[in-house]
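Asks: To start, I am sharing the structure in question, which I have written as structure tokens.
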Ligand code: IMP
């Protein structure tokens with residue numbers, strides 16, 4: 001059977017889920033995970049309003065309901081954060097603000113004389129579509145260390161804290177890995193795979 005015929009016979013053939021995000025890197029990572037699971041992920045390039053909360057799940061749940069109210073499409077949104085042990089979990093839900101203001105150099109400076117470099121990336125993916133009683137949430141996390149200087153494969157590799165985060169499983173930072181490799185370890189890859197497993201059972 002030709003590849004196209006196979007795809008058309010798939011029960012997921014017309015199932016597209018839209019990832020609401022402004023971040024093309026996040027979307028590219030998500031698209032690769034989804035396509036390996038036979039799900040087509042579209043990008044809805046927009047920013048949904050985020051409530052102030054110290055819980056990623058609460059933020060993602062409220063955002064996905066708002067996205068569905070606007071577009072009436074099956075949607076996922078993600079809220080992610082970097083939780084540094086020595087900073088008692090900071091920046092966590094405030095990661096976007098911290099990245100925008102002090103950036104990677106600022107975080108390295110905050111940890112200048114700190115021996116314990118341990119940190120965890122968490123991703124909360126929320127899905128909502130017509131006829132669902134409530135949003136479904138999926139969480140992924142990856143533990144690693146904040147290194148002392150940025151490392152990336154090329155200047156275009158990675159985003160956000162990627163160049164300073166090294167998962168325990170490898171000696172490379174996220175910014176030195178290909179998308180496929182990053183997805184194997186990453187908070188986002190894990191959360192999206194959980195979503196995909198659940199979603200396929202729905203079909
Ligand atoms: P957001 O609110 O879900 O966009 O994530 C908060 C911030 O965490 C982003 O602005 C990024 O700086 C950072 N972040 C989230 N996920 C990743 C990642 O996979 N790599 C690097 N930084 C990330």
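Every number in this text was worked out from the coordinates using simple rules, so none of it is lab data. Treat the numbers as computed from the prediction; the structure is a model and nothing was measured. Methodologically, a virtual Cβ is constructed for each residue, glycine included, from the backbone with ideal geometry; neighbour enumeration extends over all protein chains shown.
Asks: Rounded, prolate or oblate for region 125-203? Axes are the square roots of the Cα gyration tensor eigenvalues, ordered a ≥ b ≥ c, and the cut-off for rounded is a/c under 1.5.
Replies: Working: a/c = 2.77, a/b = 2.71, b/c = 1.02.
Prolate is the answer for region 125-203, as a/c is 1.5 or above and a/b outweighs b/c.
Asks: Quick one: 192, 24, fewest Cβ neighbours within 10 Å first, how do they rank? All intermediate terms of the calculation are to be shown ahead of the outcome.
Replies: Values: 192 30, 24 11.
Lowest count first: 24, 192.
Asks: When the helix-only estimate is applied to the chain (DSSP H runs of n ≥ 4, each -39,500 (n - 2.57), divided by the residue count), what is the mean residue ellipticity at 222 nm, nearest 500 deg cm²/dmol?
Replies: -11000 deg cm²/dmol
Asks: Which whole-number percent gives the relative contact order of region 2-200, counting Cα pairs below 8 Å spaced six or more residues apart? List each step's numbers first, then the result.
Replies: Details: 378 pairs, mean separation 38.6, N = 199.
Once normalised by length, the contact order is 19 percent.
Asks: Taking the 0 to 90 degree range and rounding to the nearest ten, how far is the long axis of helix 187-202 tilted relative to the main principal axis of the chain, both from C-alpha atoms?
Replies: Approximately 20 degrees, to the nearest ten.
Asks: Just order 64-74, 98-108 by mean Cβ neighbour count inside 10 Å, highest at the front, would you?
Replies: With the highest mean Cβ count within 10 Å placed first, the list reads 64-74, 98-108.
Asks: Related question: Take the Cα atoms of the chain, find their three principal axes, and give me the spread along each one in whole Å, biggest first.
Replies: 57, 40, 25
Asks: Roughly how far apart, in whole Å, are the Cα centres of region 166-200 and region 25-49?
Replies: Between the Cα centre of region 166-200 and that of region 25-49, the gap is 14 Å.
Asks: Got a sec? Which residues in region 140-165 would a label at residue 22 touch, if it sits 7 Å along Cα→Cβ and we count backbone N under 20 Å?
Replies: 158-162
Asks: Still on this model: When a/c reaches 1.5 or more, the comparison of a/b and b/c decides; with that in mind, is region 18-71 rounded, prolate or oblate per its Cα gyration tensor?
Replies: prolate
Asks: How big is the antiparallel share of DSSP beta bridges in the chain, given as a percent to the nearest 5?
Replies: 80 percent
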